[in-house]
Amino acid sequence: MIFRFLPVLLLAGCAALPPQPRPAEPPAYRAHLQRISKITSFGLDGRIGVLTEQKGFSGTMRWHHHPEGDNIAFYSPLGTQLGELNADADGVTLTTGNQKTYRAEDAEALTQQTLGWSLPMAGLSDWVLGRPAKGAAEILAWDAAGRISHMRQNGWDIEYPGYQENSGRQLPGKIVLKSPKLDLKLVVENWQIDSE
């Protein structure tokens, strides 16, 4: 007789399970954030891969970021410059390899219009350093050293498969960003961090 009610009891027990708690923030995370908090300018050389619903792109990039703006040059796998993006307080300019120039108020709209995919510049300069951008962020996992290994922010799922040391700081060596319409992978081959 009791066996007739066992499936019902099991289902009732499953329904009563509380939601899984979010992972607790490790103490090493605050220390790690403190070490990278003063980085306001950087340069990096790396490889980039982009996959959209319609097409893909892979090549290399050279990025210089400072508080006043950004300069990002994109190159083909053979080293031919494909374009250069400059962003500052006045807007964003993209110059293609054949010297056509396009201008817009933000990089997301401009890259979508000209390249067919949207570069998330609003948060990218923080995400590439392994920290959340301003605003709400959901950190899903940290590694043993207190570095973010997985977070979500502004509609992007961001993973950090590996870090590398630079001047006593742990900075991402690989960043994977995913949104419903775009996968973006960045492998950093060289960091240049300005002295504080």
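Before moving on, here are some points about what is shown:
- Restricting attention to segment 125-142 and to residues that are without any contact (Cβ under 8 Å) to a residue 40 or more places away in the chain and surrounded by 12 or more Cβ atoms within 10 Å (Cβ to Cβ), the residue that is farthest from Leu171 (Cα to Cα) turns out to be Ala137.
- Hits in segment 163-182 - residues which are over 15 Å from His32 (Cβ atoms), assigned to a strand (DSSP E or B) and modelled with pLDDT under 95: Ser179, Leu182
- Within segment 64-79, being part of a loop (DSSP other than H, G, I, E, B) and at pLDDT 95 or above holds for no residue.
- Pro21 vs. criteria over 26 Å from Asp183 (Cβ atoms) and at pLDDT below 90: yes
- Residue count for segment 160-175 satisfying the condition of being under 11 Å from the mean Cα position of the chain (by Cα) and buried (at least 18 other Cβ atoms within 10 Å of the Cβ): 3.
- Only residues that are in contact with a His (Cβ under 9 Å, 6 or more places away or on another chain) and in a helix (DSSP H, G or I) were counted across segment 23-63, and they come to 0.
- Among the conditions (1) part of a strand (DSSP E or B); (2) in contact with an Asp or Glu (Cβ under 7 Å, 6 or more places away or on another chain), the only one that Leu82 does not satisfy is (2).
The values are calculated or read from the model by the stated rules, or taken from the named source; none is laboratory data. It should be emphasised that the depicted structure is a prediction, and the values quoted were computed from it without experimental measurement. Glycine gets a Cβ as well: all are built from the backbone with ideal geometry, and neighbour counts include every protein chain shown.
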